Amino acid sequence: QVQLVESGGGLVQAGGSLRLSCVVFGNIFSINSMGWYRQAPGIQRELVAVITNDGSTNYADSVRRRFTISRDNAKNTVYLQMNSLKPEDTAVYYCNAHLYRATAARGSDYWGQGTQVTVSS
C-alpha cells in the first residue's frame, strides 16, 4: 500500500523559514502530480502549491513568491520551502500525490497524515 510520510513542521517566528518534506513509499509505477494543502481549525482545506510530472508549478496567491515547491523524482520526494512566514500560514500541512500503483490501471490520490506549522508573531 502507498504511504506518504511528511516531516519538517514546527514552531517558527514570523519572518522565519521552514522546509517541509514528503516521501512516497510503496509499489509505485509513476507519480503524476504532488502538492501541499493546508487546513486550520474551522477552515476548509486549501491548496498551497502543486507540481506536475513535467515540472510545472502552481501556487496559491497568498504564498506566491514566498513558498517554493520542488521534487526529487529519484527519491519520490516533494519539498515545500517556506520563507517569510506569517501567522496566517499557521495550519496543518498535508502532502498529496496523484500516482499510479504498479498493480493498478487507474491513478489515485493519496494523502499524508499532516505536519503542524505554527508561526508566532
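Out of the stretch 1-31, which residues are in contact with a Gly (Cβ under 9 Å, 6 or more places away or on another chain), over 20 Å from Arg101 (Cα atoms) and part of a loop (DSSP other than H, G, I, E, B)?
Within the stretch 1-31, just Gly9 meets the criteria.
Consider Met34 against the criteria (1) part of a loop (DSSP other than H, G, I, E, B); (2) touching a strand residue (DSSP E or B) at 6+ places or on another chain (Cβ under 7 Å): it satisfies all of them except one. Which criterion is unmet?
Answer for Met34: the failing condition is (1).
Can Asp89 be described as loosely packed, with under 13 Cβ neighbours inside 10 Å and among the charged types (D, E, K, R)? Please lay out each step first, then the result.
Numbers: loosely packed, with under 13 Cβ neighbours inside 10 Å: no; among the charged types (D, E, K, R): yes.
Spelling it out, it is not the case that Asp89 is loosely packed, with under 13 Cβ neighbours inside 10 Å and among the charged types (D, E, K, R).
Before we move on, is Ser62 farther than 17 Å from Gly26 by Cβ, free of Cβ contacts under 8 Å to residues at least 60 places away in the same chain, within 14 Å of the chain's Cα centre (by Cα) and surrounded by fewer than 16 Cβ atoms within 10 Å (Cβ to Cβ)?
In short, no.
Take Val48 and tell me if it is under 25 Å from Ser120 (Cα atoms), hydrophobic (A, V, I, L, M, F, W, C) and open to solvent by less than 50 Å² (accessible area, probe 1.4 Å). Working first, answer last.
Numbers: under 25 Å from Ser120 (Cα atoms): yes; hydrophobic (A, V, I, L, M, F, W, C): yes; open to solvent by less than 50 Å² (accessible area, probe 1.4 Å): yes.
So Val48 fits the description; yes.
Only residues in the stretch 20-38 that are closer than 16 Å to Lys75 by Cβ count as the first member; pair them with residues that are of a type in the set (Asp, Glu) and open to solvent by less than 40 Å² (accessible area, probe 1.4 Å), Cβ under 8 angstrom, at least 6 apart or cross-chain, and list the lot.
Pairs found: Leu20/Glu6; Ser21/Glu6; Cys22/Glu6.
The values are calculated or read from the model by the stated rules, or taken from the named source; none is laboratory data. Note that the coordinates shown come from a computational prediction; the quantities given were computed from them, not determined experimentally. As a convention, Cβ positions derive from the backbone with ideal geometry for all residues, glycine included, and neighbour counts pool all protein chains shown. Note: areas computed on protein heavy atoms with side chains; ligands, DNA, RNA excluded. Shrake-Rupley method; radii C 1.70, N 1.55, O 1.52, S 1.80 Å.
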